[in-house]
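The values are calculated or read from the model by the stated rules, or taken from the named source; none is laboratory data. The structure presented is a predicted model; accordingly, all values stated were derived computationally and were not measured. A quick note on method: Cβ atoms are made from the backbone with ideal geometry, for glycine too, and the neighbour counts reach across all protein chains shown.
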Amino acid sequence: MTDILGNDLNMQYSLLLPEILLGVTAFLVVFADLFSKELKIGYRLLPLITVAGLVAALAASLIWADTTSDFAMLVTVDSFTTFFRVLFCIVAIVLVIGAHEYIEAHVNHPGEFFALLLLSTAGASFMAGAQDLLTAYLAVEVLSFSLYIAVSLGRNDPRSGEAALKYVLLGGVASAFLLYGLSFIYGVAGSTQYADISAALGGDLSDVRGSLVLGLVLIVAGLGFKASAVPFHMWTPDAYEGAPIPVTAYLSATSKAATFALLLRWFSGPLLPAIDEWQWMIAVLATATMVLGNLVALQQRNIKRLLAYSSIAQVGFMLMALVGISQITAGGLLAHLGGYLITNLAVFVAVIHFYNRTGKEEITDFKGLAQTNPYLALVMTAGLFSLAGMPLLVGFFTKFILFQTVVEADFLWLVVVAVVASTVSLYYYLQVIKQMYLYQPDGDATRWRLTPTGYLSTGALLAAVVVLGLWGTPLYEVADKAAAALFPVA
């Protein structure tokens, strides 16, 4: 098949097999939930179907691990796409296994929740693989609309509806900014294809510089909202606090990772020739995000709000790699992103199981956890220390790699800001650890245990945090290979 310009189009649908499997699984979950009484099936079948579909999509992603191809000039399938496909599937699998008891007890319409999780994972994968502006925008909206609904699914929690309303209103404005910015890029380049845009921006831009800069400002604002970069972070604390905890975990993991996948695709490809126009914007955003995220986190009393500002600060660290974009910094960013997702999930899954037991989420509620459940306190401590970048944990290894690549890109001043901000973060992480180890538990001090799936999910994450901290070479090698796909040898 050819397009209107006579270009041959590759319509090999097997390239999209992971996303097709995710969509089919979402349909099966909704069908099973809708006819559960007629089919005489219980709730527990829904997470099983979801995990089975995610595992199948994960396996299908690995089929194309060493492939570089495209589908209809709309989606690129390469090692970069595969890296994020695998990452997104793993995040969703861990959340379903680690949080299915919470979902059953505290989430309205579990069937719809699992379907939204699957569809948003597919949208995130398309964001990583898109090679056309409209494809990328539609992928962003698939992810965003799924999350707008998921945030509102908290059972008997008025904060959930309020958080969803704020999220959808601000998200709509951000999407409008993004689409308007893309229209300026299209006007300047005359195409929505990444390769054509790169070629157009590499020419003489003196007559269209104003339109280009305005388009870039709008794009940075739109994606800054999705990534929770300052000053576009206003929705994050309320959405994190009001959403069901698994949705909060998903927002801090897949949503951010998908945004950075898109940022890397755009700033290493179609927008790279215009680096002088957008580099200063990203540098300002990175600095403001690191500073404000860490300082405001010091004042938080709710664990979800603290982790919200922690994730904002982490976004600032990641934005540094975009300022001096190259294969080296992109590899450092991908390695840190992988380490951050593992660490953040470990903390959130631990919080989920703590909430399942206590129904509480204030930082002071963690008093004496080291006595009532020393294993869960250990998981949270390892996760928080890893987020702070303490040695022998994956957060230290990946943060060191990231900072080193930014220094090599001649942005030492950004790394100085990041090191100071990272030192500040240790204080508010220690506040949680202090509650767990230095105070006596309130009320019932009986020891309690996790469920088998709780031990499975937290154990796997804890092992990953420690093992990759001691031997992170495999993670960096995979990240470096994925980054190399963004900078093909001419």
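A few points about this structure:
- Answer from Thr236, Thr192 - the residue that is in contact with an Asp or Glu (Cβ under 6 Å, 6 or more places away or on another chain) and either within 30 Å of Arg305 (Cβ to Cβ) or not hydrophobic (A, V, I, L, M, F, W, C) (or both): Thr192
- Residue ID - surrounded by the most Cβ atoms within 10 Å (Cβ to Cβ), chosen from residues in the range 294-304 that are in contact (Cβ under 8 Å) with a residue 60 or more places away in the chain and over 17 Å from the mean Cα position of the chain (by Cα): Ile303
- Where a residue in the range 135-155 is closer than 17 Å to Lys166 by Cα and its partner, wherever it lies, is in a helix (DSSP H, G or I) and β-branched (Val, Ile, Thr), with Cβ under 7 Å and at least six apart: Tyr148/Val168; Ala150/Val247; Val151/Val247
- Figure legend. Inter-residue proximity from the range 228-240: first residues closer than 19 Å to Glu361 by Cβ, second residues buried (at least 24 other Cβ atoms within 10 Å of the Cβ) and among the small types (Gly, Ala, Ser), beta-carbon distance below 7 Å, spacing 6+ or different chains. Indicated pairs: Thr236/Ser228; Thr236/Ala308; Pro237/Ala308; Asp238/Ala163; Ala239/Ala163; Tyr240/Ala308.
- Given (1) of a type in the set (Lys, Arg); (2) over 22 Å from the mean Cα position of the chain (by Cα); (3) not in a loop (DSSP other than H, G, I, E, B), index of the condition Lys399 fails: (2)
- The residue list Gln431, Gln440 contains one member that is surrounded by fewer than 21 Cβ atoms within 10 Å (Cβ to Cβ) and not in a helix (DSSP H, G or I), which is Gln440.
- Restricting attention to the range 26-79, the residues that are over 18 Å from Leu117 (Cβ atoms), β-branched (Val, Ile, Thr) and modelled with pLDDT of 90 or more total 3.
- Residue match in the range 352-361 (condition: in contact with a Lys or Arg (Cβ under 7 Å, 6 or more places away or on another chain), within 20 Å of Ala308 (Cα to Cα) and surrounded by fewer than 24 Cβ atoms within 10 Å (Cβ to Cβ)): yes
- Spans of helices (runs of 4 or more DSSP H) in the range 20-129 with at least 3 residues among the β-branched types (Val, Ile, Thr) and farther than 20 Å from Ser152 by Cα: 45-63, 79-106
- Flag if Gln371 is within 16 Å of Asp442 (Cα to Cα) and either modelled with pLDDT under 90 or polar (S, T, N, Q) (or both): yes
- Options Ala249, Ala239, Ala261: the member that is surrounded by 24 or more Cβ atoms within 10 Å (Cβ to Cβ), closer than 17 Å to Thr82 by Cα and small (Gly, Ala, Ser): Ala261
- Scanning the range 443-459 for residues that are surrounded by 13 or more Cβ atoms within 10 Å (Cβ to Cβ) and out of contact with any helix residue (DSSP H, G or I) (no Cβ under 7 Å at 6 or more places or on another chain), we see that the one that is farthest from His100 (Cα to Cα) is Gly459.
- Some residue of the range 335-351 being out of contact with any helix residue (DSSP H, G or I) (no Cβ under 8 Å at 6 or more places or on another chain) and closer than 14 Å to Gly454 by Cβ: no
- No other residue among Asp70, Asp66, Asp78 is without any contact (Cβ under 8 Å) to a residue 40 or more places away in the chain and among the acidic types (Asp, Glu) apart from Asp66.
- Check on Leu334, crowded, with 19+ Cβ neighbours inside 10 Å and under 28 Å from Ser211 (Cβ atoms): no
- Within the range 36-63, the set of residues being surrounded by fewer than 17 Cβ atoms within 10 Å (Cβ to Cβ), in contact (Cβ under 8 Å) with a residue 24 or more places away in the chain and within 14 Å of Cys89 (Cα to Cα) comprises Ala52, Val55, Leu62.
- Condition met for Val208 (among the β-branched types (Val, Ile, Thr), surrounded by fewer than 21 Cβ atoms within 10 Å (Cβ to Cβ) and modelled with pLDDT under 90): yes
- Across the range 438-471, the number of residues qualifying as within 19 Å of Lys367 (Cβ to Cβ) and among the β-branched types (Val, Ile, Thr) comes to 1.
- In the range 324-364, the residues that are assigned to a loop (DSSP other than H, G, I, E, B) and free of Cβ contacts under 8 Å to residues at least 40 places away in the same chain: Gly359, Lys360
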